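Working notes, structure below.
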Amino acid sequence: MEYGRVFVEGRTGEDARIQQKHQAVLNQYLALQKDYVAKKKKLEAARKKKESLLREVRFLRGRRMYLLANQAQQMERERIRSQKSLDPEGAHKDMYFSFQERGELG
């Protein structure tokens, strides 16, 4: 009978080791899964931030091009105005031609 009891205890000891090993492997798996989920969330946040920054850069580049074009147009208008104010004869000629084009002068 003693022999049977030792055999049963040996078996339960083996089951306990298997149970401990299983628990250790399960804990490792859960730790890895937790780490994976955290890294996945961090990666997704980085992707969203990158996408947002790319949209902002695209907008700012377009805005810059618009402002540069607008500035060039304003500079051209100012140049024309200053030429007209410096050359009164040319201004009268332009006025004469604009009236003639509209049919106000014969």
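The values are calculated or read from the model by the stated rules, or taken from the named source; none is laboratory data. Quantities reported herein were computed from a predicted structural model and do not represent experimental measurements.
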*Report whether or not Val57 is modelled with pLDDT of 90 or more and not polar (S, T, N, Q).*
yes
_Scan region 16-24 and tell me whether some residue there is on the phi < 0 side of the Ramachandran plot, under 38 Å from the mean Cα position of the chain (by Cα), modelled with pLDDT of 95 or more and not in a loop (DSSP other than H, G, I, E, B)._
no
